[in-house]
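Below is one structure; the comments refer to it alone.
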Amino acid sequence: MNDNKTNPGSAVAALQREIKTRTEVVRAIADLEEQLDVDRICGSWLSTENRFSAVIRRLGSGMWRAVVYDHALCYKRVVQEGLVTLRRHRLWLGADEGSRIVYDAASDTLTIGCYGSFAPEDTVAVRNDDAIPAEEYPFNE
């Protein structure tokens, strides 16, 4: 009568192993989903508040490279360059705790620490093109 089917201890142990395996799978899927969500920050961004721009590229798992430029002069000047890391389900630029990066999917905006709010470069260019009516330019004749 020492069969595994009749022993409640072995059934409980098997159930605990299955729960542990399923929990690990759910965590792995959640981590992959978070990585995919964070990859939305990749690309070129233009500031909506000042003359900054940013470029963010993925380096590897949980790590991105960000460069913030200033366009106040006739050329681009690097203001900050650093690694963006995913810690405690939050994005951080460098080691400074004040340099948090927040992506808002609803408005498609990116906030980079003290540099303010950024919009994707391609959407800003489209908005600027639409703002210029063709009737004002006699060159189109």
Within the range 70-101, which residues are modelled with pLDDT under 85 and polar (S, T, N, Q)? Thr85, Ser99
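So, in the range 56-65, how many residues would count as being open to solvent by 40 Å² or more (accessible area, probe 1.4 Å) and touching a Gly at 6+ places or on another chain (Cβ under 8 Å)?
Total meeting the criteria: 1.
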Keeping to the range 26-49, report how many residues are modelled with pLDDT of 80 or more and either farther than 26 Å from Asp70 by Cβ or exposed (fewer than 12 other Cβ atoms within 10 Å of the Cβ) (or both). 4
The conditions are (1) closer than 28 Å to Cys114 by Cα; (2) modelled with pLDDT under 90, and Met1 fails exactly one of them. Which is it? (1)
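Residues of the range 114-136 being surrounded by 16 or more Cβ atoms within 10 Å (Cβ to Cβ) and either among the hydroxyl-bearing types (Ser, Thr, Tyr) or at pLDDT 85 or above (or both), which ones?
The first filter runs over the range 114-136 and keeps only residues surrounded by 16 or more Cβ atoms within 10 Å (Cβ to Cβ), leaving 115, 117-120, 124.
Once the filter is applied, which keeps residues that are surrounded by 16 or more Cβ atoms within 10 Å (Cβ to Cβ) and either among the hydroxyl-bearing types (Ser, Thr, Tyr) or at pLDDT 85 or above (or both), the range 114-136 yields Tyr115, Ser117, Phe118, Ala119, Pro120.
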Over the range 80-112, the set of residues over 23 Å from Ser61 (Cβ atoms), of a type outside the set (Ser, Thr, Tyr) and not in a strand (DSSP E or B) is Gly98, Ala106, Asp108
When you scan the range 66-79, do you find a residue that is open to solvent by 50 Å² or more (accessible area, probe 1.4 Å), closer than 14 Å to Phe118 by Cβ, assigned to a loop (DSSP other than H, G, I, E, B) and in contact (Cβ under 8 Å) with a residue 12 or more places away in the chain, even just one? yes
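The values are calculated or read from the model by the stated rules, or taken from the named source; none is laboratory data. As the structure is a computational prediction, the values presented were derived from the model and not from experiment. Glycine gets a Cβ as well: all are built from the backbone with ideal geometry, and neighbour counts include every protein chain shown. Accessible surface areas use protein heavy atoms only, side chains included; no ligands, DNA or RNA. Shrake-Rupley method; radii C 1.70, N 1.55, O 1.52, S 1.80 Å.
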